[in-house]
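Participant: Before I ask anything, let me first share the structure, which is written out below as structure tokens.
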Amino acid sequence: MDIRIGNGYDVHALAEGLPLWLGGVKIESPVGCIAHSDGDVAIHALCDALLGALAIGDIGKHFPDTSDEFAGIDSKILLSRVMELIRSMGWSVVNADITIAMQKPRLAPYILPMRECLATVMGVETDCVSVKATTTEKLGFVGRGEGCEVYAVALVRKG
């Protein structure tokens, strides 16, 4: 069986008064991600992991932040398009594992809704999508509340 793994990473600065979207779920927060799209840093990292697994570029290549077409776009649409591309190439997702690093707010209540949302968009079972949240113990730009970073890994198989 042909299998491949990809990893993705994304980071966005945070600012007051913006909505915070993570894993397709709106999070109650006084800050949100500064971005060209809706700023869903978790979906962006996941898209990069999926695209990387097939060595077909990254999210910036497929959905450039210089294009008006993607201004304010719901990142679930981007993930859906990535999944269409993967399927059109004859591949399917085995699983995905996402780690969100953010000091505040606490994300534990949102983990299951994020997993369910991502699984639905990807067309896989919820148990194929892992989402974890951590802080950086107040270290670095994440610890100071200046930004959010996400790491993602995705495994795909031919067929």
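The values are calculated or read from the model by the stated rules, or taken from the named source; none is laboratory data. As the structure is a computational prediction, the values presented were derived from the model and not from experiment. We place every Cβ from the backbone using ideal geometry, glycine too, and count neighbours over all the protein chains shown. Just so you know, the surface numbers come from the protein's heavy atoms only, side chains and all, with ligands and any DNA or RNA stripped out. Shrake-Rupley method; radii C 1.70, N 1.55, O 1.52, S 1.80 Å.
Participant: Karplus couplings for the stretch 69-86 from phi (6.51 cos²θ - 1.76 cosθ + 1.60, θ = phi - 60°), rounded to Hz, Gly and Pro as x?
Facilitator: 4, 9, 5, x, 5, 5, 5, 4, 5, 4, 4, 4, 5, 4, 5, 4, 5, 4
Participant: Can I ask one more? In percent, what relative contact order does the chain have, based on Cα pairs under 8 Å that are 6 or more apart in sequence? Intermediate results must be reported in sequence, preceding the final value.
Facilitator: Numbers: 365 pairs, mean separation 53.6, N = 159.
Dividing the mean separation by the residue count of the chain yields 34 percent.
Participant: With a ≥ b ≥ c the root eigenvalues of the C-alpha gyration tensor of the stretch 35-120, is it rounded (a/c under 1.5), prolate (a/b larger than b/c) or oblate? It would help to have the intermediate numbers written out before the result.
Facilitator: On the way: a/c = 1.92, a/b = 1.21, b/c = 1.59.
Oblate, because a/c is 1.5 or more while a/b does not exceed b/c.
Participant: Along the Cα→Cβ direction, 7 angstrom out, place labels at Arg81 and Ala55. What is the inter-label distance in nm?
Facilitator: 2.4
Participant: Amide H of His12 versus every other amide H placed in the peptide plane: which residues, excluding those fewer than 5 positions away on the same chain, fall under 5 Å?
Facilitator: Correct list: Cys148.
Participant: How many percent of the accessible area of the chain is carbon or sulfur, using a 1.4 Å probe? Don't jump to the answer; show the numbers that get you there.
Facilitator: On the way: 4160 of 7750 Å².
The C+S portion of the solvent-accessible surface of the chain is 54 percent.
Participant: Helix-derived [θ] at 222 nm for the chain: sum -39500 (n - 2.57) over DSSP H runs of at least 4, divide by residue count, nearest 500? Spell out each step's value before the answer.
Facilitator: Values: 5 runs with 47 residues, N = 159.
Dividing the helical sum by the residues of the chain leaves -8500 deg cm²/dmol.
Participant: Sticking with this one: Based on DSSP, what percent of beta bridges with both residues in the chain are antiparallel, to the nearest 5?
Facilitator: Values: 27 of 33 bridges.
The antiparallel proportion sits near 80 percent.
Participant: Pop the C-beta distance of Arg4 and Phe141 into the FRET formula with R0 = 35 Å and round what comes out to the nearest 0.05. Don't jump to the answer; show the numbers that get you there.
Facilitator: Details: r = 32 Å, r/R0 = 0.90.
According to the calculation, E is roughly 0.65.
Participant: While we're here: For the pairs Lys26/Lys132; Lys26/Lys76; Lys61/Lys104; Lys76/Lys132; Lys26/Lys61, note any where the Cα-Cα span goes beyond 23 Å. Write down the numbers at each step before the final one.
Facilitator: On the way: Lys26/Lys132 16 Å; Lys26/Lys76 12 Å; Lys61/Lys104 31 Å; Lys76/Lys132 19 Å; Lys26/Lys61 26 Å.
Over 23 Å Cα-Cα: Lys61/Lys104; Lys26/Lys61.
Participant: Ordered by packing density, taken as the mean number of other Cβ atoms within 10 Å over each peptide's residues, highest first, how do 98-109, 132-143, 18-29, 68-79 rank? Mind showing how you got there, number by number?
Facilitator: Working: 98-109: 17.8, 132-143: 13.9, 18-29: 20.2, 68-79: 16.0.
Those peptides, ordered most packed to least, come out 18-29, 98-109, 68-79, 132-143.
Participant: Sticking with this one: For every other residue with a beta carbon closer than 9 angstrom to the beta carbon of Lys76, add +1 if it is Lys or Arg and -1 if Asp or Glu, then tell me the sum. All intermediate terms of the calculation are to be shown ahead of the outcome.
Facilitator: Values: positive: none; negative: Asp38, Asp40, Asp74.
So the surrounding residues net to -3.
Participant: Here's a follow-up. How much solvent-accessible surface does Glu149 expose, in Å² to the nearest 10, with a 1.4 Å probe and all protein chains in place?
Facilitator: The accessible area of Glu149 comes to roughly 20 Å².
Participant: How big is the charge dipole of the chain about its Cα centre, in debye rounded to the nearest 20, if each Lys and Arg gets +1 on its Cβ and each Asp and Glu gets -1 on its Cβ?
Facilitator: 380
Participant: Solvent-accessible area per residue for the chain at a 1.4 Å probe radius, Å²?
Facilitator: Numbers: 7750 Å² over 159 residues.
I get 49 Å² per residue for the chain.
Participant: Net charge near Val150: determine it from the other residues with C-beta under 13 Å of the C-beta of Val150, scoring Lys and Arg +1 and Asp and Glu -1. Provide the component values of the computation, followed by the final result.
Facilitator: Working: positive: Lys132; negative: Asp10, Asp40, Asp48, Asp97, Glu149.
Residues near Val150 contribute -4 overall.
Participant: Net charge near Leu139: determine it from the other residues with C-beta under 13 Å of the C-beta of Leu139, scoring Lys and Arg +1 and Asp and Glu -1. Don't jump to the answer; show the numbers that get you there.
Facilitator: Numbers: positive: Lys138, Arg144; negative: Glu137, Glu146, Glu149.
In short, -1.
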